[in-house]
Amino acid sequence: MTTISEIDVRAKHLTDSVGNARADARAQGGRRSEWMPYLPASESPWCPDGVDPAALTWAETVAPGGYTHKVLARGSRLRLDDPTGDACAHVVLFNALEPVERLNVADTQKIPWQAYLGSGHPLLSGEGRILATISADTSGRHDAFCGTTTDGVVETKYGNADPHGPTPSGRSLFVKAAAKHGLTRRDLPPSVSFFQGVRVDGEGTLQWVGSAGPGTHVELIAELPLLVLIANVTHPLDPDPDYRVGPLRVHAWRGVATGPQDGRFTATPELHRAYLNSIDYCDARGIQ
Amino acid sequence: MTIERVASTVPVGAVHTPDSPLDWSESAVAGTVVRDDRVAPNAPWSAVVPAGQVLTIVDVGGNQSADCLIYRADDPDERYSVPDTLAAQRNAYVDTGTVLRSNEGRALMTVVANEVPHQDTIGGACSKESNTLRYGHHVAYQHGCRENFLTEAARHGLGARDLVSNLNWFMNVPVEADGALGIVDGRSAPGRRVALRADVDVLVILSNCPQMNNPCNDFNPTPLRMIVVRPETIAGSDR
């Protein structure tokens, strides 16, 4: 809350000295917003049920039209929550140790012989390894066909694609997030998106199925050390003429990667070899 | 223990069976031929196609997957994008009229003629790495399209960072009602063609797919013919 006295300070231009400016700046600390990172992560007001707050390593609510990024240890659990039914989490994953290894959407659809993302689905790199496994999914409305929005699409639809404006494109947010890790637009592969679904009919026509409604979540397991980029923007096929996006909640906590003790490990021959490839890479690297 | 000396299991340029019917066809679009290449089975190819010129790809032996990447010649950071192409046309397949779009959403090339329905762009390329997932670790030393892409991209100063999801001319990848998806028998035939008009100056990198473990090339890799023409001037056209 902004207090009367703070308004007075600014109205009277009492930020004309370093001391006053410092006092004004410091008075802003501790405020809360609908969308913000929570630090330490254990302070999250939205800690998922059954998760020890002390194990949290990332807690954030991403604004509509916002983006975020984080490097996660192998084994981390990453949970995305769509509290309003209007979030759309566009996601790109990289091997944090060698970002030239990154999400490969074609292999992610082709290797499991399945185009639609859901529980048990691997998010594969082009190096024959699993970057992350989808370990839980209460939405079932996701898309690996359409990627995210470009400036051209956004400008045509909403009239303004400024990346600092009210209706940014997913592509421009990914470019910014990638730049913060020394990567450029050259490094950005096609993304997947969660919470707004697309289906393909027999003729190949892409059908928008939208959201499953409020209160769904998706959980991923990091099978390699991961650089995660997330943009929370409209889906390219969203028929709503307004830029309608809801807040996206992001939580991560410590865990162990998928191993022989898990049913997923040998669920299919393709998955089994993909887990073996990821473990082989990590063993050689000295990563648990 | 002695190790028995056996012939290498590494395929050394699988070639089409001698009795394969081959139809070399001609350009699908009339014009002055500026380039006419024959691509051997398993080999890569690349060329810059200036705006307005038309590249015809001929499936000489039939059902030979031609894995294809496209870059803006003057700015290769802008390159072919499967999702932007699909979302813009709201369809998962490529056919006559499809505008092949970049990761910035702009037109790179347009399909101006096509003799095989439902051209694939969702199946991606084969690679040593994905082959180990698909078929087992024993195929790790077989040649793949990703290796062709890397080899050919290097000639243009591009590398692994520049490889993205690609087109697969003449390959058939149906998506069933429950999302089941896979490479199945092709619907092409000897001499079938697709023709692409460059909308800007583009670099096209192509792999004549060496894959021998799935039906993408009928288990019989055959040659491709790549013809670039400058179309005949049409009255009223500025090209």
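The values are calculated or read from the model by the stated rules, or taken from the named source; none is laboratory data. Everything quoted here is computed from the prediction, not taken from an experiment. All Cβ positions, glycine included, derive from the backbone under ideal geometry; neighbour counts span all protein chains shown. In case anyone asks, the SASA skips ligands and DNA or RNA and just uses the protein heavy atoms, side chains included. Shrake-Rupley method; radii C 1.70, N 1.55, O 1.52, S 1.80 Å.
Being part of a strand (DSSP E or B), away from chain A (no Cβ under 12 Å) and either open to solvent by less than 10 Å² (accessible area, probe 1.4 Å) or over 22 Å from A:VAL100 (Cβ atoms) (or both) is a condition met by no residue of region B:143-151.
Scan region A:275-288 and tell me whether some residue there is open to solvent by less than 60 Å² (accessible area, probe 1.4 Å), touching a residue at least 24 places away in the same chain (Cβ under 8 Å), of a type outside the set (A, V, I, L, M, F, W, C) and more than 28 Å from A:PHE195 (Cα to Cα). Within region A:275-288, one or more residues are open to solvent by less than 60 Å² (accessible area, probe 1.4 Å), touching a residue at least 24 places away in the same chain (Cβ under 8 Å), of a type outside the set (A, V, I, L, M, F, W, C) and more than 28 Å from A:PHE195 (Cα to Cα). Which ones in region A:175-196 are out of contact with any His (no Cβ under 6 Å at 6 or more places or on another chain), more than 8 Å from every other protein chain (Cβ to nearest Cβ) and open to solvent by less than 10 Å² (accessible area, probe 1.4 Å)? Within region A:175-196, A:ALA178, A:VAL192, A:PHE195 qualify.
A search for C-beta distances below 6 Å between a residue of region B:124-142 that is in contact (Cβ under 8 Å) with a residue 24 or more places away in the chain and any residue that is surrounded by 23 or more Cβ atoms within 10 Å (Cβ to Cβ) and in a helix (DSSP H, G or I), counting only pairs 6+ apart in sequence or on different chains, returns B:GLY124/A:ALA106; B:GLY124/A:ASP107; B:GLY124/A:LYS110; B:ALA125/B:CYS145; B:ALA125/B:ARG146; B:CYS126/B:CYS145; B:VAL139/B:ASN131.
Quick grid of which residues meet (1) in contact (Cβ under 8 Å) with a residue 40 or more places away in the chain; (2) open to solvent by less than 20 Å² (accessible area, probe 1.4 Å):
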residue	(1), (2)
A:PRO64	yes, no
A:SER76	yes, yes
A:GLY85	yes, yes
A:PRO99	yes, no
A:VAL105	yes, yes
A:THR108	yes, yes
A:TYR116	yes, no
A:SER119	no, no
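Just to be sure, is A:HIS217 more than 20 Å from B:ARG79 (Cα to Cα), not acidic (Asp, Glu) and not in a loop (DSSP other than H, G, I, E, B)? Yes; evaluated as a whole, the condition is true for this residue.
Filtered by the rule that a residue be within 7 Å of chain B (Cβ to nearest Cβ) and open to solvent by less than 20 Å² (accessible area, probe 1.4 Å), region A:148-160 gives a lone residue, A:THR150.
The number of residues in region A:125-147 being open to solvent by less than 20 Å² (accessible area, probe 1.4 Å) and not aliphatic (A, V, I, L, M) comes to 10.
Would you check if A:THR148 is on the phi < 0 side of the Ramachandran plot and within 14 Å of the chain's Cα centre (by Cα)? Yes; evaluated as a whole, the condition is true for this residue.
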